[in-house]
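Here is the structure we will look at.
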Amino acid sequence: MSTVERSGVDVARAVNAREISAREVTDATLGQIDAVDERLGAYLTRLHDMARAAADRVDARIAGGEKLAMAGVPVAVKDNMCLAGTRTTCGSKILENWIAPYTGTAVQRILDAGGIPVGKSNMDEFAMGSSCENSALLQTRNPLDLSRVPGGSSGGSAAAVSAHLAAVGLGSDTGGSIREPGAFCGVVGFKPTYGRVSRYGLIAFASSLDQIGPLTRTVEDAALAYDVMAGYDPMDSTSIDRPLEPTFSALRDDLRGKRIGIVKEFETGKLGAAIDAVYKQAYRDLEKLGAELIEVSLPTADYGLATYYLIAPAECSSNLARFDGVRYGLRVEGNDVGEMYEATRAAGFGPEVKRRILIGTYALSSGYYDAYYVKAQKVRTLIGDDFKKAFATCDLIACPAASSPAFVSGAKSDPYSMYLMDYYTIPMSLAGLPALSVPCGSVSVEGKSVPMGLQLCAPIFAERELLSAAHAYEKATMHYKNNKLDVSLHRAPTGNLV
Ligand code: GLN
């Protein structure tokens, strides 16, 4: 196995044991980035100098006798996370040249544990999207099939991890933005319980939903990164002050005694025969590991999408009000301050962001607030209650991670068909639950196999149970080993990618 293919856990072990230096791992990863990222487009900014300096510091600490949980592990940082001195664009023209003045808590914890920031990864503008096609700055491709999208909004981190351009990718998930790109790129995508990982230094989209989590090739790596990042932070008022149970040391190899809920309303037959077969097999595999499958019902989950597309735009219309040309990023001058605001926002935001701001402002406006925003909040409570009832009879829930496998770039031209991608992930986000996507097989499209993800979801704070179950499933099935990088990825750039 080449250096870049090593898991994060393996890299940290080897660097701590001084079998390899953090600098060697970093140089290998930067070399891989230089070799393929022109064609892939995972990174908006490459951080060669910062990465090498960080690696040398890690090697010095190891030489001084320290042990570091993530020693030398190459990390892709989604471009909505502040990393001091680096461009932090949110995939938007409005922040295209904005340099973060400080480092956010989750990123800082990774750096303190010896992680190496190798680049800032592409994303849908302000994390609004499911394919990375809404990035105003770069197109990211799916490393397993360059004609397809990597998913979104954390598509750059997912693509980077899948193509061995990092072992850990940091993502943020508001309605599915870690889990869906994880599924599309054949990697693990893990969204912790809302409030478990500090959002200090994460540029806000929808504050009652946003959560940071890792994208990795193995569940072990997800547990490693989560254990390092999670925990109370006084800098984030929504951060939860409650003792943390380490997950990595609790990973198990079986599911004996576990009751796994299969959601009646999420019958996979409607997704087509090939997809249905993959999920039915995944459920049987869970059973083979000792789990008891139980039917559960989430009667209000079907309202998740409509609820989310009121709450998330409402919150974003407020959060994005700060981008007006006065303080952050782009400013387009006008004759007076009003004109300046208008010109800046008209030029700086892309069409999807403008759509969300309009919807959100409408939903919050007087006369409509009760009919839309308050109603959506009530439905959100009902969705949470459905999950509570379901978890009275089961320990975990299993269901699809996305409505389809990765689609061809440009295939979804209307917003609604894009929104539908997150049908299965949004209910968990509204309920604040921890959930992840783990590779569960693939479907064959035009001779190529396109991966799919199984979503597992647990009650709040049950990260340990969740990761443990995913680890058992992964170990028994090893689907990620079947990922094959697109052969064109390694060809010299020709200028024309498709
Ligand atoms: N695709 C969803 C949206 O566009 C979710 C995005 C996310 O989780 N950040 O809002």
All helices (runs of 4 or more DSSP H) inside segment 325-438 with 2 or more residues being surrounded by 20 or more Cβ atoms within 10 Å (Cβ to Cβ) and of a type in the set (Gly, Ala, Ser): 351-364, 375-391, 426-431
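Per-residue answers, yes or no, for (1) touching a helix residue (DSSP H, G or I) at 6+ places or on another chain (Cβ under 7 Å); (2) among the β-branched types (Val, Ile, Thr); (3) within 16 Å of the ligand (Cβ to nearest atom):
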position	(1), (2), (3)
Gly201	yes, no, no
Asp221	yes, no, no
Leu224	yes, no, no
Pro234	no, no, no
Gly261	yes, no, no
Val296	yes, yes, no
Pro299	yes, no, no
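Starting from residues that are of a type in the set (A, V, I, L, M, F, W, C) and part of a helix (DSSP H, G or I), keep the ones in segment 308-324 and report whichever is nearest to the ligand (Cβ to nearest atom). Give the steps one after another, and end with the answer.
Within segment 308-324, the subset of a type in the set (A, V, I, L, M, F, W, C) is 310-312, 314, 316, 320-321, 323.
Next, only the ones that are part of a helix (DSSP H, G or I) stay: 310-312, 314, 316, 320-321.
Working: Leu310: 12, Ile311: 10, Ala312: 5, Ala314: 12, Cys316: 9, Leu320: 13, Ala321: 18 Å.
Among those that are of a type in the set (A, V, I, L, M, F, W, C) and part of a helix (DSSP H, G or I), it is Ala312.
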Leading residue by the ranking (nearest to the ligand (Cβ to nearest atom)) among those in segment 350-375 that are more than 25 Å from Asn134 (Cα to Cα) and touching a Phe, Trp or Tyr at 6+ places or on another chain (Cβ under 8 Å): Tyr372
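From the set of residues in segment 4-47 that are part of a helix (DSSP H, G or I) and hydroxyl-bearing (Ser, Thr, Tyr), which is surrounded by the most Cβ atoms within 10 Å (Cβ to Cβ)? I'd like the intermediate steps shown before the answer.
Just the residues of segment 4-47 that are part of a helix (DSSP H, G or I), to begin with: 4-5, 8-16, 22-40.
Add one more test, that the residue is hydroxyl-bearing (Ser, Thr, Tyr), and what stays is 26, 29.
Values: Thr26: 26, Thr29: 28.
So the residue we want is Thr29.
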Residue within segment 53-72 that is farther than 28 Å from Arg23 by Cβ and part of a loop (DSSP other than H, G, I, E, B) present: no
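Per-residue answers, yes or no, for (1) within 15 Å of the ligand (Cβ to nearest atom); (2) under 23 Å from Ser162 (Cα atoms); (3) small (Gly, Ala, Ser); (4) without any contact (Cβ under 8 Å) to a residue 24 or more places away in the chain:
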| position | (1), (2), (3), (4) |
| --- | --- |
| Val379 | no, no, no, no |
| Ala392 | no, no, yes, yes |
| Met421 | yes, yes, no, no |
| Pro427 | yes, no, no, no |
| Pro434 | yes, yes, no, no |
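Among the candidates Ser172, Ser177, Ser153, Ser162, which residue alone is of a type in the set (Ser, Thr, Tyr), within 16 Å of the ligand (Cβ to nearest atom) and farther than 21 Å from Ile460 by Cα? Outline the logic, then answer.
Details: Ser172 fails: farther than 21 Å from Ile460 by Cα; Ser177 fails: farther than 21 Å from Ile460 by Cα; Ser162 fails: within 16 Å of the ligand (Cβ to nearest atom).
None of the others qualify; the one that does is Ser153.
So in segment 456-472, with the set limited to residues that are in contact with a Ser or Thr (Cβ under 6 Å, 6 or more places away or on another chain) and either part of a helix (DSSP H, G or I) or not β-branched (Val, Ile, Thr) (or both), which one is farthest from Ile240 (Cα to Cα)?
Filtering segment 456-472 for residues in contact with a Ser or Thr (Cβ under 6 Å, 6 or more places away or on another chain) gives 460-461, 463-464, 467.
Then drop every residue that is not either part of a helix (DSSP H, G or I) or not β-branched (Val, Ile, Thr) (or both), which leaves 461, 463-464, 467.
Numbers: Phe461: 10, Glu463: 14, Arg464: 16, Leu467: 19 Å.
Restricting to residues being in contact with a Ser or Thr (Cβ under 6 Å, 6 or more places away or on another chain) and either part of a helix (DSSP H, G or I) or not β-branched (Val, Ile, Thr) (or both), the top hit is Leu467.
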Residue check for Ala402: in contact with a helix residue (DSSP H, G or I) (Cβ under 9 Å, 6 or more places away or on another chain), in contact (Cβ under 8 Å) with a residue 24 or more places away in the chain and more than 19 Å from Ser208 (Cα to Cα): yes
Every pair of residues 6+ apart whose Cβ atoms lie under 6 Å, when the first sits in segment 202-216 and is more than 18 Å from Pro117 (Cα to Cα) while the second is part of a loop (DSSP other than H, G, I, E, B) and near the ligand (Cβ under 8 Å from one of its atoms): Phe205/Thr174; Ala206/Thr174; Leu209/Thr174; Asp210/Thr174
Qualifying residues in segment 400-455 (those that are acidic (Asp, Glu) and out of contact with any Ser or Thr (no Cβ under 8 Å at 6 or more places or on another chain)) - the one modelled with the highest pLDDT: Asp414
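Farther than 24 Å from Ile212 by Cβ and touching a helix residue (DSSP H, G or I) at 6+ places or on another chain (Cβ under 6 Å): which single residue out of Val374, Val450, Val443 fits that description? I'd like the intermediate steps shown before the answer.
Values: Val374 fails: touching a helix residue (DSSP H, G or I) at 6+ places or on another chain (Cβ under 6 Å); Val450 fails: touching a helix residue (DSSP H, G or I) at 6+ places or on another chain (Cβ under 6 Å).
Result of the check over Val374, Val450, Val443: Val443.
Restricting to segment 405-419, name every residue that is within 15 Å of the ligand (Cβ to nearest atom) and either in contact (Cβ under 8 Å) with a residue 40 or more places away in the chain or not small (Gly, Ala, Ser) (or both). Step through it out loud before you land on a result.
Of segment 405-419, the ones within 15 Å of the ligand (Cβ to nearest atom) are 406-407, 412, 414-419.
Listed by number, the residues that qualify are Ala406, Phe407, Lys412, Asp414, Pro415, Tyr416, Met418, Tyr419.
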Meets criteria (in contact with a Gly (Cβ under 8 Å, 6 or more places away or on another chain) and either away from the ligand (no atom under 14 Å from the Cβ) or without any contact (Cβ under 8 Å) to a residue 12 or more places away in the chain (or both)) for Val438: yes
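Does Leu298 meet the test of being touching a strand residue (DSSP E or B) at 6+ places or on another chain (Cβ under 8 Å), in contact (Cβ under 8 Å) with a residue 24 or more places away in the chain and assigned to a loop (DSSP other than H, G, I, E, B)? Let's see the steps before the verdict.
On the way: touching a strand residue (DSSP E or B) at 6+ places or on another chain (Cβ under 8 Å): yes; in contact (Cβ under 8 Å) with a residue 24 or more places away in the chain: yes; assigned to a loop (DSSP other than H, G, I, E, B): yes.
For Leu298, the condition - touching a strand residue (DSSP E or B) at 6+ places or on another chain (Cβ under 8 Å), in contact (Cβ under 8 Å) with a residue 24 or more places away in the chain and assigned to a loop (DSSP other than H, G, I, E, B) - is met.
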Breaking point among (1) within 23 Å of Val353 (Cα to Cα); (2) within 13 Å of the ligand (Cβ to nearest atom); (3) in contact with a helix residue (DSSP H, G or I) (Cβ under 6 Å, 6 or more places away or on another chain), for Gln211: (3)
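So that you can scan it fast, the table gives a plain yes or no per residue for (1) among the aromatic types (Phe, Trp, Tyr); (2) crowded, with 22+ Cβ neighbours inside 10 Å; (3) modelled with pLDDT of 95 or more:
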{"site": "Val219", "(1), (2), (3)": "no, yes, yes"}
{"site": "Ala225", "(1), (2), (3)": "no, yes, yes"}
{"site": "Met229", "(1), (2), (3)": "no, yes, yes"}
{"site": "Ser237", "(1), (2), (3)": "no, no, yes"}
{"site": "Phe248", "(1), (2), (3)": "yes, no, yes"}
{"site": "Arg259", "(1), (2), (3)": "no, no, yes"}
{"site": "Ser297", "(1), (2), (3)": "no, no, yes"}
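The values are calculated or read from the model by the stated rules, or taken from the named source; none is laboratory data. Being a predicted model, the structure only gives us computed values, none of them experimental. We place every Cβ from the backbone using ideal geometry, glycine too, and count neighbours over all the protein chains shown.
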